[in-house]
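Chemist: Dropping a structure here in structure tokens format, bear with me for questions.
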């Protein structure tokens, strides 16, 4: 299976750098030095660039932006104008989209755990795509959403992902087959979905699930039914501490897997649900150093405490899964490893300890640490008022002309 990029795609990588420019964010922060930290600044130009780049890299798939990654109206409205569809996880996200004028036929209710009343309410609002991964959940769709498309979620081990999604969601191949046959008997349109894990670093991770999708499609055909849709889920990465390939490499790998297992003329509606890829690299969080000190109780290691931590936006540092890139403006000293922790009075609020971060030795209390590629899963994970700390504030830089 070849992963060779075309000359055009290779040329685009030169202009679409793996490390997106923070120039507009830097200018905004320089012009607004009074902004209290921590603060997130999101450059919507990067969101636009990422969406257009994904459409070129994977033109066969319809984009359903995962609203949970960043539900700000500025982000959702921009993507709607560019032509995106939306993966929603609750009635709240459905109503957010509808309130922005997005038609309900552009929404996919992708949460596999839904109150039956919410299924009925979503159907009444015009939503017609629902995800399930159990017979009990399927029965809710049969009762409350007749004639809809149901995408039965196949379990994935999440190997290669920094944030695996393998335990809570998904069913075995046999269970998916049983649910698809039951859905067919109920008159629903049939789809299969899967998710290879968030921040997936292996472009070939889509191969095994698509092989299973092909087998399921054959099984349905043998029973006189037709699979109509495949949802490739999310997993496309942002630019974090551990390197990943550009989206063009993922596009080539996914297209190759689709062709290998489903054929060139499979005729399936193909969906993809990026969240982190579209908005992660567009954001930067500026934080302040609250304390920097060696701890004798930890063998003399230096601990650097920021004014942002696990409870006000950085939940994905749990188990050191997502390792954000950092920069320290105004420092020039050599680097040495440091444990990085948040400000709250809670022992869980330690970001990076097992694998300390290299930070400048001249980083002082009151200095700034910028966390890069933090436009996804930060404001939405920020607590309401834990320890009295305010939720993470955000500013969105409008699309330039």
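Chemist: Does residue 322 satisfy the condition of being within 20 Å of residue 36 (Cβ to Cβ) and outside any strand (DSSP E or B)?
Modeler: No, not satisfied.
Chemist: While we're looking at this one, here's another question. Being exposed (fewer than 13 other Cβ atoms within 10 Å of the Cβ) and more than 25 Å from residue 319 (Cα to Cα) is the filter; apply it to the range 365-401 and report the residue that is modelled with the lowest pLDDT.
Modeler: 401
Chemist: Are any residues in the range 219-238 more than 19 Å from residue 110 (Cα to Cα) and in contact (Cβ under 8 Å) with a residue 24 or more places away in the chain, and if so, which ones?
Modeler: Passing the criteria: 219, 220, 223, 225, 226, 237, 238.
Chemist: All but one of (1) part of a helix (DSSP H, G or I); (2) more than 17 Å from residue 276 (Cα to Cα) hold for residue 37; state the number of the condition that does not hold.
Modeler: Condition not satisfied by residue 37: (1).
Chemist: Considering the range 99-124 alone, what residues qualify as being in contact with a strand residue (DSSP E or B) (Cβ under 8 Å, 6 or more places away or on another chain) and in a helix (DSSP H, G or I)?
Modeler: Within the range 99-124, 106, 119, 122 qualify.
Chemist: More than 18 Å from the chain's Cα centre (by Cα), at pLDDT below 95 and crowded, with 16+ Cβ neighbours inside 10 Å: is that true of residue 5 in this structure?
Modeler: yes
Chemist: For residues that are over 12 Å from residue 371 (Cβ atoms) and part of a loop (DSSP other than H, G, I, E, B), tally how many sit in the range 297-319.
Modeler: Matching residues across the range 297-319 total 2.
Chemist: So, one more: Can you give me the number of residues within the range 158-173 that are in a loop (DSSP other than H, G, I, E, B), surrounded by 16 or more Cβ atoms within 10 Å (Cβ to Cβ) and over 17 Å from the mean Cα position of the chain (by Cα)?
Modeler: Of the residues in that region, 1 qualify.
Chemist: Restricting to the range 293-308, what's the tally of residues that are within 18 Å of residue 345 (Cβ to Cβ) and either surrounded by 12 or more Cβ atoms within 10 Å (Cβ to Cβ) or in contact with a helix residue (DSSP H, G or I) (Cβ under 7 Å, 6 or more places away or on another chain) (or both)?
Modeler: 6
Chemist: Only one residue in 132, 142 is under 25 Å from residue 65 (Cβ atoms), modelled with pLDDT of 95 or more, in contact with a strand residue (DSSP E or B) (Cβ under 9 Å, 6 or more places away or on another chain) and surrounded by 15 or more Cβ atoms within 10 Å (Cβ to Cβ). Which one?
Modeler: Going through 132, 142 in turn, the sole match is 132.
Chemist: Out of 337, 343, report the one residue that is farther than 23 Å from residue 70 by Cα and part of a strand (DSSP E or B).
Modeler: 337
Chemist: Consider the range 35-74. How many of its residues are within 14 Å of the chain's Cα centre (by Cα), farther than 21 Å from residue 255 by Cβ and surrounded by fewer than 23 Cβ atoms within 10 Å (Cβ to Cβ)?
Modeler: Total satisfying the criteria: 2.
Chemist: Can you give me the number of residues within the range 125-153 that are farther than 22 Å from residue 212 by Cα, out of contact with any helix residue (DSSP H, G or I) (no Cβ under 7 Å at 6 or more places or on another chain) and outside any helix (DSSP H, G or I)?
Modeler: 2
Chemist: Does residue 60 satisfy the criteria of being over 30 Å from residue 281 (Cα atoms) and either in contact with a strand residue (DSSP E or B) (Cβ under 9 Å, 6 or more places away or on another chain) or in the same structural domain as residue 197 (by TED's automatic domain parsing) (or both)?
Modeler: no
The values are calculated or read from the model by the stated rules, or taken from the named source; none is laboratory data. These numbers come from a predicted model, not from an experiment. Positions of Cβ are generated from backbone atoms using ideal geometry, with glycine treated the same way; all protein chains shown enter the neighbour counts.
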